[in-house]
1. Take the residues of the range B:280-326 that are in a loop (DSSP other than H, G, I, E, B) and among the aliphatic types (A, V, I, L, M): which is farthest from the chain's Cα centre (by Cα)?
2. Can you name the residue in the range B:63-93 that is within 12 Å of another protein chain (Cβ to nearest Cβ) and in a loop (DSSP other than H, G, I, E, B) and, of all such residues, is surrounded by the most Cβ atoms within 10 Å (Cβ to Cβ)?
3. Which members of the range B:411-446 meet the condition of being part of a helix (DSSP H, G or I) and within 21 Å of B:L355 (Cα to Cα)?
4. Assuming B:I7 fulfils every condition listed in (1) closer than 21 Å to A:M110 by Cα; (2) in a helix (DSSP H, G or I); (3) of a type in the set (A, V, I, L, M) apart from one, which condition is it?
5. Just checking, which of B:I160, B:I140, B:I132, B:I156 is β-branched (V, I, T), farther than 17 Å from B:A386 by Cβ, surrounded by 13 or more Cβ atoms within 10 Å (Cβ to Cβ) and at pLDDT 90 or above?
6. List the pairs whose first member sits in the range B:19-43 and is in contact (Cβ under 8 Å) with a residue 40 or more places away in the chain and at the interface with chain A (Cβ under 8 Å from one of its Cβ atoms), whose second member is of a type in the set (S, T, N, Q) and not in a strand (DSSP E or B), and whose Cβ atoms are under 9 Å apart, counting only residues at least 6 apart or on separate chains?
7. Among the residues of the range B:327-356, count how many are in a helix (DSSP H, G or I) and more than 15 Å from B:A424 (Cβ to Cβ).
Amino acid sequence: MKITPFQYAIFLYQITLKTPDVKKKVNDFLGILAKNNDLGKINEIMREFEAYEKKQRGAEDVEIISARPAGPALKRQVFGLLKDGGKPEIKETADPDLIGGLTMIIGDTMIDGSLRRKLRELKKVLS
Amino acid sequence: MDKNFIIETLKKQLADYRPGVETANIGKVLRIGDGITAISGLSQVMASEMLEFITSEGSVYGVALNLEENQVGAMVLGDFKGIKEGDLVKSTGKVLSFPVGKELLGRVVDPLGNPLDDLGPLSLKELALYPIERKAPGVISREPVSAPLHTGIKAIDSTIPIGRGQRELIIGDRQIGKTALAIDIILNQLQDTRYKSPICIYVAIGQKSSKVARIVEELKSRGAMENTIVVLASASDSAPLWYIAPFAGCAIGEYFMDKGQDALVIYDDLSKHAWSYRQASLLLRRPPGREAYPGDIFYLHSRLLERAAKLNKANGGGSLTALPIIETQLSDISAYIPTNVISITDGQIYLDSELFYQGIKPALSVGLSVSRVGSSAQTKAMKKVASRLRLELAQYRELQAFVQFASELDEATRKRIDRGQRLAEILKQPQYSPIPFEKQVCLIYAGVNGYLDQLPVARIREFEEKFFQYLNDRKEEMLSKIRDSGDLSEEIKKELKSAVEFQIHALNERNKS
């Protein structure tokens, strides 16, 4: 049977969870991958593993995109908003295309409060 | 201009503008190739939901098809070259829809509703959005086919009549006149004045753009384009566009059906449509079945054709007639897709390559073609003459093998063969010349009643021309009587008989002199 990258990722997570010798387990895991001729899937497995591990910890990826690099006051405000919702792992990026406002990506939900989107909507209404 | 006026207009336009915060379910592109993508995330997406790919070159739309455990398989509609791994994908919460409306008449559009002709953009405010996939009308809202859809083709209107709301398959090899037949049917719709002309929708799937350009030119020059909408997914468009093209055409037809009008949609052709779905399915790694088609290929066509309907009065009384076209390979009608579509439709028009090479055009095989529901919609006048035509042709077919020994056969058999040859001759018809049904009735009347037996087969064509000319010039009143009543009363029969006799006599006289 074909084993999907997701299944490999769960497997890797479980064998490395409570072990003192992580290195050996990872080596064994790579051995299995080689035996199954699945070494080509390693990138996908790592991506799935990362996501799965985060989910198990109850952590959530949060990306904050703003037009200009966020100042300290804004940061504090956003952190304050997020501190009740689990363990956010915050990443900030600046994208001048946004023009103004803020866009947040939490897991697979995007909250778009950017000026770019508002202007686009305005254009739609006026056309 | 007054400054206050400008401000007032702007205010009015901005009345519904409430900028807020938009929340969307998103994902990221994992893989892309050949118009098919794998996307991570998108945990809330629904099957066949429209997706928006946000690329560096603007937005491209797609449809979610495979919802798997950790990823979503989707097809991209339009140019997928700008999409890169890691690009953001937004779910829209809408199903794919197509802008429909009266404004589309006379236009050539792509399966997403973008105009392909040079008549300028479509104004979206005038158009309604119709979902591309919609549930077909149920049993309660339908009624049996009752009005005829005259095709202007003698062989079809007499032996395999089509009714409004019917699904009739046109099947045959390549280069044998399937499209020509469909175009003739569109051309005839303006001639048929007894019923309201249906809106014609021609869906070209994977056709050469040059062929479609020629068809559009032909329709324009004959004035039929203003009643026609062409949906084109050309040979160079991607498979996903081929896949949605017939559904888009069907959505246009449904719009007119919902308005209580009649519509006719031609899918040219569904074998190419099946190929595009096979391609997309294999790329999505769905398991292949017979001839490598996916398991739901039957459902794909049945749900499309099921949307053809005749609605009852309570639902507006509109109708959508579907004429799917299937191209066979080496006349093999028992291949997978042909048998599927034959079983879905209410009958088929089979074009035979052998007949075509014998010079019988349209190369319609009366024996293999059937119409399962259309006869109830046939006009009484046509029924009266056509029932005998069908019988005589069937008897002729049985005797056809003996034609070469005609001189050794008994009198009755020879007569039957003679009659059959003449009837087969009057069913021939050149391209782009649909004939109104009342004239067809007159000609077939002359044939089945044996008036043409006195003429040599080679002169039947000449008789037909002269006869139609005569009817046009002298018997306009009789024609309109047949047209309006749809019946052949004794009185009309008498007049028709004398007209035929007069014409035969005139032809014989001219021959002698």
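The values are calculated or read from the model by the stated rules, or taken from the named source; none is laboratory data. Keep in mind that what you see is a predicted model, and the values were worked out from it rather than measured. Every residue, glycine as well, gets a Cβ built from its backbone with ideal geometry; the counts of neighbours run over all protein chains shown.
1. Only one residue fits best here, namely B:L284.
2. Only one residue fits best here, namely B:N70.
3. Answer for the range B:411-446, where residues must be part of a helix (DSSP H, G or I) and within 21 Å of B:L355 (Cα to Cα): B:R416, B:I417, B:D418, B:R419, B:G420, B:Q421, B:R422, B:L423, B:A424, B:E425, B:I426, B:I444.
4. The number of the failed condition is (1).
5. Testing whether each residue is β-branched (V, I, T), farther than 17 Å from B:A386 by Cβ, surrounded by 13 or more Cβ atoms within 10 Å (Cβ to Cβ) and at pLDDT 90 or above leaves just B:I132.
6. That search, which allows pairs on different chains as well, returns B:N25/B:S43; B:N25/B:Q44; B:G27/B:S43.
7. Qualifying residue count, the range B:327-356: 10.
A quick yes/no check of all residues on (1) surrounded by fewer than 18 Cβ atoms within 10 Å (Cβ to Cβ); (2) farther than 30 Å from B:D258 by Cβ:
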| residue | (1), (2) |
| --- | --- |
| B:K3 | yes, yes |
| B:P19 | yes, yes |
| B:A24 | no, yes |
| B:G41 | no, yes |
| B:G58 | yes, yes |
| B:Y61 | yes, no |
